[in-house]
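Single-structure report; data block below.
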Amino acid sequence: MDGRTILVVDDSDDFGAMVELALEPLASRQNLRVLRASSGEEALQLLEEHPDTAVMLTDRRMPTMDGLELIAHCRRQYPLLQVVALSAAGDGDSIIEAVRVGASDYIVKPPTLAELESALERALERHLELERAVHARQRLRDYERELAIAADIQRHMLPSSIACDPAGRYQLSALLVPARHVAGDFYDHWRTSDGRLVLAIGDVSGKGISAALWMAVTKTLLRSHLEHKLSLEHALEAVNRALASENPQAYFVTALVAILDPSTGALTLSNAAHIPPYLIGRTGTIEPLHTEQGMPLGALETSTYSSLTLHLSPGDQLVLVTDGILDALSADLAEQPQLFEELLARTFSADDDSDPTARLIALLSQQWVSTSFPDDVTLVTIEFSGVTTGTNTACSRSLSLHSE
């Protein structure tokens with residue numbers, strides 16, 4: 001309450017002086033400034049000069065602009081201002097009308113010192129509470145604005161959600177749905193100079209801004225080391241050392257990295273404690289690819305990693321996910337894999353040309369009926385056709401539609 005202003009409005013100089021004198025002890029205790037106005041017009045001028053005035057004590061009946069007009073005007077222009085109306089004894093209708101137009105309290109004239117002090121202390125406390133609420137809302141709006149900026153930056157850090165081989169040998173589709181504004185999940189993909197497809201998917205422990213920042217660091221390190229032509233195992237080991245050496249908050253990252261050679265169908269995988277990918281055969285078979293799993297990235301500086309190579313056949317599809325999908329299916333860890341395989345069967349048995357990633361999310365949303373998923377959800381699908389002639393015109397159209 002320090003440094004607050006109280007405005008006393010009354011056309012009687014004697015009454016105004018009496019109120020000002022009566023307020024001296026309260027003003028001294030709470031470091032209040034007391035201003036006086038003898039009319040509504042003068043009060044509005046003083047409020048314009050002191051817009052942060054906390055409390056206005058005004059008489060109901062005044063010439064030219066009465067108290068009700070003054071209160072109504074102040075309520076529109078100064079929403080935080082607390083108004084205490086003064087009214088003659090027995091004038092109940094005036095009191096009701098004053099409250100209706102915006103007075104927060106009233107006092108019957110002539111008030112005792114105790115009544116005056118009590119009413120003004122209540123008004124000052126209400127003003128303080130309103131100020132705190134306004135500041136809290138402003139901080140929340142600022143925070144939400146910062147989160148929206150962070151979410152936009154993160155979206156621009158992700159590669160396209162659709163990628164195709166120019167020769168039509170594969171098509172990739174990806175989707176990331178944050179549980180909050182920003183995600184701790186990530187995916188990345190790019191073509192190497194010799195035409196191979198590199199794909200990474202990962203999940204940072206935790207959520208929010210800090211997890212999103214750790215995600216950005218991990219994604220950057222992975223791409224940097226793999227572009228230096230390190231093997232998958234050595235690239236993961238280098239990323240792990242970098243993360244573990246500077247990790248005071250003990251974040252860790254589960255990640256799966258794959259390299260596809262579209263000319264042969266050779267697929268090399270390396271897993272850092274991530275959910276195994278699923279291979280959907282052209283006949284509809286569903287098989288989790290259980291590779292040897294290393295430690296999460298950033299957990300232990302001396303961790304090592306291995307890789308597995310297999311060959312995709314034309315018509316095979318590879319599905320990579322983060323555990324947000326499993327969490328959305330069930331809280332029971334034991335039944336999650338079975339439910340997910342059932343979801344994959346329903347998705348990839350669909351007899352239509354729609355994007356399987358979109359179908360998968362649509363089916364998942366039917367099971368998770370809340371307004372948001374319980375965790376970040378990320379999935380990437382690769383359809384391998386093995387075609388080596390011509391241009392993938394269907395993929396070109398898909399990319400064009402996506403860019404629009």
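Every number here is computed from the coordinates shown, using simple stated rules; none is lab data. Computed from a predicted model, the values in this text were never measured in an experiment. Cβ placement follows ideal geometry from the backbone for every residue including glycine, while neighbour counts extend to all protein chains displayed.
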In whole percent, what relative contact order does the chain give with Cα contacts below 8 Å and a gap of six or more residues? 14 percent
Binning at 20 angstrom from zero up to the longest distance, how are the C-alpha pair distances of the chain distributed in percent? 23, 32, 15, 23, 6, 0
Length added when fully stretched, Ile149-Glu335, from 0.36 nm per residue minus Cα-Cα: 63.2 nm
Using only Cα atoms, tell me the angle between helix 208-227 and the longest principal axis of the chain; keep it within 0 to 90° and round to the nearest 10. 30 degrees
Among the aspartates and glutamates, select those whose C-alpha is under 15 Å from the C-alpha of Lys207, and discard any that sit fewer than 8 residues away in the same chain. Asp185, Asp323, Asp327, Asp375, Asp376
Return the distance in nm (one decimal) between the two label points of a simple spin-label model at Leu113 and Ala358, each offset 7 Å from Cα along Cα→Cβ. 7.8 nm
Helix 67-77 against the longest principal axis of the chain: what's the angle in degrees, Cα atoms only, rounded to the nearest 10? 20 degrees
Find how much the distance from Glu41 to Ala27 grows on full extension, using 0.36 nm per residue of separation minus their present alpha carbon separation; answer in nm with one decimal. 2.6 nm
Straight-distance crosslink candidates among aspartates and glutamates, where the alpha carbon sits under 16 Å from Lys229 and sequence neighbours closer than 8 are dropped: Asp194, Glu237, Asp261
Rounded Å value of the spacing that divides the Cα centres of the stretch 19-81 and the stretch 103-120: 14 Å
Counting only backbone N atoms under 11 Å from a point 7 Å out along Cα-to-Cβ of Arg137, the residues of the stretch 63-105 in range are 79-80
How far is helix 393-403 tilted off the main Cα axis of the chain, in degrees rounded to 10, range 0 to 90? 10 degrees
Quick one: in the stretch 213-356, what % of C-alpha pairs are over 18 Å apart? 62 percent
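Could you work out the percent of alpha carbon pairs in the stretch 5-141 separated by over 25 Å, rounded to a whole number? Can you show the working numbers first?
On the way: 1852 of 9316 pairs.
Pairs farther apart than 25 Å: 20 percent.
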